[in-house]
1. Which whole-Hz couplings ³J(HN,Hα) result when phi for each residue of the stretch 26-33 is put into the Karplus expression 6.51 cos²θ - 1.76 cosθ + 1.60, θ = phi - 60°, listed in order with x for Gly and Pro?
2. Could you derive backbone 3J(HN,Hα) for the stretch 128-137 from the dihedral phi with the Karplus parameters 6.51, -1.76 and 1.60 (θ = phi - 60°), listing whole Hz in sequence and x where the residue is Gly or Pro?
3. Can you grab the distance from the C-alpha centre of the stretch 1-76 to the C-alpha centre of the stretch 88-144, Å, no decimals?
4. If exposed trypsin sites (Lys or Arg not before Pro) are those in a DSSP loop with at most 16 other Cβ within 10 Å, what is the longest stretch of the chain that has none?
5. Kindly work out what percent of the DSSP beta bridges joining two residues of the chain are antiparallel, to the nearest 5.
6. Set the bar at 18 Å for Cα to Cα. Now go through 35/123; 6/114; 6/35; 42/114; 42/140 and name every pair that lies beyond it.
7. Can you work out the FRET efficiency for the pair residue 66 and residue 16, with r the C-beta to C-beta distance and R0 = 35 Å, to the nearest 0.05?
8. Residue 67's amide H: which non-local residues (gap 5+, or another chain) put their own amide H closer than 5 Å, with H modeled 1.01 Å from N in plane and none for Pro or chain starts?
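Read-outs: derived from the displayed coordinates by stated rules, not from any lab. None of the values given here were measured: they were computed from a predicted structure. A quick note on method: Cβ atoms are made from the backbone with ideal geometry, for glycine too, and the neighbour counts reach across all protein chains shown.
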Amino acid sequence: MSEALKVEIYTDGACSGNPGPGGWAAILRYGSQEKVISGGEKETTNNRMEIRAALEALRSLKKPSQVRFHTDSSYVLNGATSWLEDWKKRDWKRKHGQLQNIDLWKELDIELAKHQIEWVWVKGHAGNPLNERVDELARKAIPS
């Protein structure tokens with residue numbers, strides 16, 4: 001059996017107004033190869049764009065992979081590493097109130113299960129070159 005592909009992923013989401021038009025982007029690196037993906041929506045929130053970036057990045061992987069996943073979104077990081085299992089145990093509900101973005105969280109949960117993921121939190125707007133680049137790509141993806 002071949003060894004799992006080792007991939008570095010950087011993602012970001014952006015919104016002009018919250019809610020408002022938003023964009024997302026991801027940079028995937030494996031070996032010497034790089035893939036950039038992005039997209040946008042006319043009416044959304046920043047949190048939705050952060051989740052969408054993570055979701056689309058993982059969807060773009062063609063086979064199970066070992067992923068170092070870099071994000072500046074505490075919402076995505078905490079959701080994926082701390083909150084997700086409890087939401088599922090409570091039938092996709094929070095302890096206090098309705099779970100926002102349930103549609104995207106359910107889709108992300110499916111993609112997360114396919115890969116081995118090491119999460120890396122990156123401070124936003126702090127000079128990390130790939131984080132700055134993916135932020136710029138997400139802003140450029142915002143529909144006008």
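1. Coupling constants for the stretch 26-33: 8, 10, 10, 10, 9, x, 8, 8 Hz.
2. 5, x, 6, 5, 5, 5, 5, 4, 4, 4
3. After rounding, the separation between the Cα centres reads 7 Å.
4. Values: sites that count: 62, 90, 93, 94, 95, 114, 123.
Between the exposed loop sites, the longest stretch runs 1-61.
5. Working: 18 of 31 bridges.
Of those bridges, close to 60 percent are antiparallel.
6. On the way: 35/123 22 Å; 6/114 13 Å; 6/35 14 Å; 42/114 30 Å; 42/140 13 Å.
Those over the limit are 35/123; 42/114.
7. Values: r = 35 Å, r/R0 = 1.00.
With R0 = 35 Å, the Cβ-Cβ based efficiency is 0.50.
8. The list, which skips near neighbours in sequence, is 7, 116, 117, 118.
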